[in-house]
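Student: Sharing a structure, written as structure tokens. Questions coming.
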Amino acid sequence: MANQIRALCSVITKIARADLQSRLETYDSGISAIEHGVLGHLYRGIDSMAEIRRLMGVAPSTLVYVVDGLEQKKLVRRSKDPSDRRREPLLLEKKAADLFARIPKMDASSVLVKSLENMKESRRRELVLLLNEFVEGLPGSDRMYLRSESEDEAPVSTSPLQRVAPGARRRKRNHE
């Protein structure tokens, strides 16, 4: 059963990533799905490369490469933490905040949304409940991160460090 779940999660992840990449191309964003993921974490106020790497499950070298590309596109920049010289928080530039806010997270054209619409409402709710229960039982699951993915409100910074580069503004995201 565990192998079946792993295989199903792999299929869902692959389809969701391709769907996101298609949406990014439709909106002529100029970014990849992994870059979108990094921008999403920054948009929600997570500025630590270590935390983003942990949440995305990517290798440090991969994230450095992605952040370097986002810096070249002038979408993010590294800053200095005055209280810890080793830490370089990432700042979301205004251009990136605007770009991220402009791209709907999911809309009716999404294959995931269409598939869910083919299910009865009660089955959709049951699916979400079961998946939440399953994830809660996994070691290292991060419930706060999962909740932040479904919230309708723009992020609230909890750090004294500036999360968004000067002049950048946050907008309410479009949700299904």
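The values are calculated or read from the model by the stated rules, or taken from the named source; none is laboratory data. What you are looking at is a predicted structure, and each value in this text was computed from that prediction instead of being measured. Neighbour counts run over all protein chains shown; Cβ positions are idealised from the backbone, glycine included. What goes into the accessible areas is simple: the full protein's heavy atoms, side chains included, and nothing from ligands, DNA or RNA. Shrake-Rupley method; radii C 1.70, N 1.55, O 1.52, S 1.80 Å.
Student: What FRET efficiency, computed as 1/(1 + (r/R0)^6) with R0 = 41 Å and r the Cβ-Cβ distance, is obtained for S10 and S122, rounded to the nearest 0.05? Spell out each step's value before the answer.
Tutor: On the way: r = 27 Å, r/R0 = 0.65.
Once the sixth-power term is evaluated, E becomes 0.95.
Student: Once you place label points 7 Å from the Cα toward the Cβ at D81 and A18, how far apart are they in nm?
Tutor: 4.0 nm
Student: Additional query: If you count only protein heavy atoms and use a 1.4 Å probe, how large is the accessible surface of K14, to the nearest 10 Å²?
Tutor: Estimated to the nearest 10 Å², K14 gives 150 Å².
Student: Can you compute 3J(HN,Hα) from phi for each residue in the range 110-120, using the Karplus curve 6.51 cos²θ - 1.76 cosθ + 1.60 with θ = phi - 60°, rounded to whole Hz and x for Gly and Pro?
Tutor: Calculated HN-Hα couplings, in order: 5, 5, 5, 4, 4, 5, 5, 5, 6, 9, 5 Hz.
Student: Over 30 Å between Cα atoms, which of K73/K105; K95/K120; K94/K114; K14/K74; K94/K120 qualify?
Tutor: Those over the limit are K95/K120; K94/K114; K94/K120.
Student: Averaging over every viewing direction, what projected area does the convex hull of the Cα atoms of the range 1-49 cover, in nm²? The partial results should precede the final answer.
Tutor: Numbers: hull surface 17.7 nm².
Computed as one quarter of the Cα hull surface, the answer is 4.4 nm².
Student: Spin-label point model (7 Å from Cα, Cβ direction): what's the A101 to N132 distance in nm?
Tutor: Each label point is offset 7 Å from its Cα along the Cβ direction, giving 2.9 nm.
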